[in-house]
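J.: Sharing a structure below in structure tokens format, with a few things to ask.
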């Protein structure tokens, strides 16, 4: 990746912005489709970040974000791209990286974060930990939406099963639901699936993920 321009970087943490993530992810995945090269995507979330803000104040929270971002940056290769995805969540793009290799990198980041503390004024904030989720192309999906969903679900499992751990994506178990859609909705869905070259079920899962994000269901991960 070329030397970053100031507008590409998050002002607080110094890593890339979410917009840059979207642009780079699209380019790298397209290249992987053409060459067959693997690609891994990691999502990282700071454990109990809301409690850190409530206990020590927002400035302390910013200092923790900077400290975690520093660990992430130091742990990556030059070709790997760290991003502030939003709030206390980071993402990492790892081109030409198999899932097993990416997991070792993520585990190294998790372990290093656990050993640091952040200084905020006269306060030292210790016991900082992160949880992470990891998904890879082509093992876990072929589209941006599918890979991101798998990484996010792996992150969610890491959070709800104890935190301070890295979870890998795994094959999703489909749970049947009785649902009712209008004929017009189904016709439009069929047309969209045909236009995009995707399955109708995949489009519905993507829409549901967007709905859950819209209503803040992921806020549980910051608690």
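The values are calculated or read from the model by the stated rules, or taken from the named source; none is laboratory data. Just so we're clear, the structure is a prediction, and the values are computed from it rather than from any experiment. As a convention, Cβ positions derive from the backbone with ideal geometry for all residues, glycine included, and neighbour counts pool all protein chains shown.
J.: For the condition within 21 Å of residue 9 (Cβ to Cβ), assigned by TED's automatic domain parsing to the domain that holds residue 37 and touching a residue at least 24 places away in the same chain (Cβ under 8 Å), what is the one hit in 52, 83? Walk me through it before giving the result.
T.: Values: 52 fails: within 21 Å of residue 9 (Cβ to Cβ).
Step by step, each of 52, 83 is checked, and only 83 is within 21 Å of residue 9 (Cβ to Cβ), assigned by TED's automatic domain parsing to the domain that holds residue 37 and touching a residue at least 24 places away in the same chain (Cβ under 8 Å).
J.: Checking the structure you have, find out if any residue of the stretch 47-54 is within 30 Å of residue 139 (Cα to Cα) and in contact with a strand residue (DSSP E or B) (Cβ under 8 Å, 6 or more places away or on another chain).
T.: Within the stretch 47-54, the first condition is being within 30 Å of residue 139 (Cα to Cα), and the residues that meet it are 47.
Narrowing further to those that are in contact with a strand residue (DSSP E or B) (Cβ under 8 Å, 6 or more places away or on another chain): 47.
Yes, the stretch 47-54 contains a residue that is within 30 Å of residue 139 (Cα to Cα) and in contact with a strand residue (DSSP E or B) (Cβ under 8 Å, 6 or more places away or on another chain).
J.: Can you list the helices (runs of 4 or more DSSP H) found entirely within the stretch 47-149 that contain at least 2 residues being crowded, with 16+ Cβ neighbours inside 10 Å and out of contact with any helix residue (DSSP H, G or I) (no Cβ under 8 Å at 6 or more places or on another chain)? Working first, answer last.
T.: Numbers: elements: 49-56, 58-75, 99-114.
It comes to 58-75, 99-114.
J.: Does the stretch 35-45 contain at least one residue that is in a helix (DSSP H, G or I), assigned by TED's automatic domain parsing to the domain that holds residue 156 and modelled with pLDDT of 95 or more?
T.: yes
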